[in-house]
Amino acid sequence: MQKKLKLHFWQFLHNGQRVGGSISVPYNPNKAIKSLIEQSLNKKVKVDKGTITYMSITATPTMTIIKGTMDVENLDKLEASLSGIKLMANGTSVASPYWGYNRTSDGVYEFEIYYDLLPKQLDSLEIVTKEFAGYQLLKEQVSLTPLTNEPLIREGKKKKNVSKTSQGVEITIHTSVNVQLEGVTIETPHRILPKKITSNDN
């Protein structure tokens, strides 16, 4: 009995956008590796902007797969969100070489996380949501006067550049790779200046 498997993938373009695609490959279930564990879970975990649902875990002699869904806001802005989901076997973290997710038509993300094979002697098995995309209200104000092209240095690192251009004031803010800032505005003694264009969320 011959069937087909479909591989979903994302491709990043030079302009920063990404497009999705899929590849179908033949699959014969009679020749597939039999799973050692195949367990339905249906467990929900609350995060800052939604819910993660762990649907199932499957362990084969070569890998372990956790499948689930995420109903979470702004997930597409942070690529490494799933790296904070740990699989603990006998109290030790199982290595996770890769993961992937696909957004459905109703806005929910379906995900699969691939881990290495489980130990032969298995006494305990846990899924730990150690980290996930979170939100923190900063309310931090930084003086921009005088307006110069000199970078602001804090804790030995460059934090921002401010410059005047023909279109207005341009601010470049430096953050770590998984930190993005939202709701940034410029305030004068008389009004708040609206943001016109954001060229990069990082």
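Can you compute the label reach from Thr53? Point 7 Å from Cα along the Cβ direction, backbone N cut-off under 16 Å, restricted to segment 83-111. Answer for segment 83-111: 102-111.
If you take the square roots of the eigenvalues of the alpha-carbon gyration tensor of segment 1-113 and sort them as a ≥ b ≥ c, do you get rounded (a/c under 1.5), prolate (a/b over b/c) or oblate? Note, shape of segment 1-113 comes out oblate. Computed over segment 1-50, the P(r) tail beyond 16 angstrom holds 71 percent of alpha carbon pairs.
If R0 equals 45 Å, the separation of the Cβ atoms of Ser124 and Leu13 corresponds to a calculated FRET efficiency of about 0.55.
Bear in mind that the values in this text are calculations on the coordinates, not laboratory data. These numbers come from a predicted model, not from an experiment. As a convention, Cβ positions derive from the backbone with ideal geometry for all residues, glycine included, and neighbour counts pool all protein chains shown.
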